[in-house]
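The values are calculated or read from the model by the stated rules, or taken from the named source; none is laboratory data. As the structure is a computational prediction, the values presented were derived from the model and not from experiment. All Cβ positions, glycine included, derive from the backbone under ideal geometry; neighbour counts span all protein chains shown.
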Amino acid sequence: AAGKGVVVAATIDEALNAVNDLMDNGRVGEAGKKLVIEDYLEGVEISVLAAVSVTPEFAKKGTATIIPFLPARDHKRLLDGAKGPNTGGMGAICPLDDVSEETMEQFNKDILEPTLNGLIQEGFDYRGFIFFGVMLTKNGPKLLEYNVRLGDPETQAVLPLMDFDFEQMCEAIINGTLKDFSFNWKKGYQVAPVAVSGGYPGEYKKGCEIKFNESILNESKGKIFIAGAIVGRRSRSNDNLITNGGRVLACSAFGETFEKAWKNAYQGLSSVKFDDIFFRKDIGLPGAAESGKL
Ligand code: GLY
């Protein structure tokens, strides 16, 4: 249906109208002859990245496993207060104070374990990461999507909290010892707002020089993760970083409290300058995460 076939129906009437529109009125042509009907979901979204170590051999030995990382949250809308168009992600935070241990236990039971069992039953050799896109509804966590990768910008908020060696974890994934790997996480928070080129997700300029105020950045202890930028030769003597995409970079910073992490991250981001830079000012604050309906 060229992306035009989804209808989120809040009432039975809206659902019936959608069926008529698609099947009888032929709004999307041939594609409307077959429908998929799913539960209506309402709630806030979280992202759970997980390390996966599954092969038929590990399954036989009982060592096949999936280990979830701390829950994180992306902020998809362009503007403060969860307004404006959807983007690839305007910033992420980790961990989440509004996600209880019970919720994560339910996620493990209802989503993670069935995923592991499915991978084993289908004989997969899957050693890597799965991104679980989850909606927390009043009936518990519901899976929206799997991505067979880490997530952006969640990774920039989750991985700096590792109190273990990433390379050793990757080795454990590969050699089937992940089940015994010690996952320790730093006690604190990580906030990672994203800076975009003005105009994104519509048209935007490329080729703008990116400058950093090193002393402000160092003071914030923020780390810059570059995404939409390349090294460009602006003069004979100088290679500079220049913008080359909509979502240009994220600044991820740690704090023992959420407030400190937030302040550090935004201080770090204030060290970055390029023409038409734009970023949300409310990543992780109340009202910043959209309530979704799917
Ligand atoms: N932040 C969403 C994703 O990586 O798919």
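Here are the numbers for the structure shown:
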| quantity | calculated |
| --- | --- |
| The listed residue being among the basic types (Lys, Arg) and either crowded, with 16+ Cβ neighbours inside 10 Å or more than 30 Å from Asp98 (Cα to Cα) (or both), out of Arg247, Arg149 | Arg247 |
| Matching residues, the range 115-145, being surrounded by 13 or more Cβ atoms within 10 Å (Cβ to Cβ) and within 12 Å of the ligand (Cβ to nearest atom) | Phe129, Ile130, Phe131, Phe132, Gly133, Val134, Leu144 |
| Unique residue being more than 23 Å from Leu249 (Cα to Cα) and small (Gly, Ala, Ser) when the list is Ala192, Ala157, Ala172 | Ala172 |
| Residue match in the range 213-236 (condition: at pLDDT 95 or above, in contact with a Pro (Cβ under 9 Å, 6 or more places away or on another chain) and over 30 Å from Asp163 (Cβ atoms)) | no |
| Condition broken by Phe69, with the remaining ones in (1) of a type in the set (Phe, Trp, Tyr); (2) more than 16 Å from the ligand (Cβ to nearest atom); (3) buried (at least 21 other Cβ atoms within 10 Å of the Cβ) satisfied | (2) |
| Any hit, the range 88-95, residues being in contact with a Leu (Cβ under 8 Å, 6 or more places away or on another chain), part of a loop (DSSP other than H, G, I, E, B) and modelled with pLDDT of 95 or more | yes |
| The range 239-294: number of residues that are part of a loop (DSSP other than H, G, I, E, B) and either in contact with a helix residue (DSSP H, G or I) (Cβ under 6 Å, 6 or more places away or on another chain) or not charged (D, E, K, R) (or both) | 16 |
| Counted residues, the range 146-164 - those being of a type in the set (D, E, K, R) and away from the ligand (no atom under 15 Å from the Cβ) | 1 |
| Residue that is farthest from Asp98 (Cα to Cα) [pool: residues in the range 39-65 that are charged (D, E, K, R) and either within 16 Å of the ligand (Cβ to nearest atom) or without any contact (Cβ under 8 Å) to a residue 12 or more places away in the chain (or both)] | Lys60 |
| Residue among Leu35, Leu16, Leu78 that alone is within 24 Å of the chain's Cα centre (by Cα), surrounded by 11 or more Cβ atoms within 10 Å (Cβ to Cβ) and not charged (D, E, K, R) | Leu78 |
| Test: residue in the range 95-112 that is under 18 Å from the mean Cα position of the chain (by Cα), closer than 25 Å to Cys170 by Cβ, within 13 Å of the ligand (Cβ to nearest atom) and aliphatic (A, V, I, L, M) | no |
| Residue in the range 166-188 that is within 19 Å of Val44 (Cβ to Cβ), surrounded by 12 or more Cβ atoms within 10 Å (Cβ to Cβ), in contact with a Gly (Cβ under 7 Å, 6 or more places away or on another chain) and of a type outside the set (Val, Ile, Thr) present | no |
| Residue match in the range 200-217 (condition: within 16 Å of the chain's Cα centre (by Cα) and either within 16 Å of the ligand (Cβ to nearest atom) or within 26 Å of Ser100 (Cα to Cα) (or both)) | no |
| Filter result for the condition that a residue is at pLDDT 95 or above, closer than 28 Å to Ile46 by Cα and touching a strand residue (DSSP E or B) at 6+ places or on another chain (Cβ under 8 Å), over Phe274, Phe258 | Phe258 |
| Meets criteria (farther than 30 Å from Phe278 by Cα and part of a loop (DSSP other than H, G, I, E, B)) for Thr103 | no |
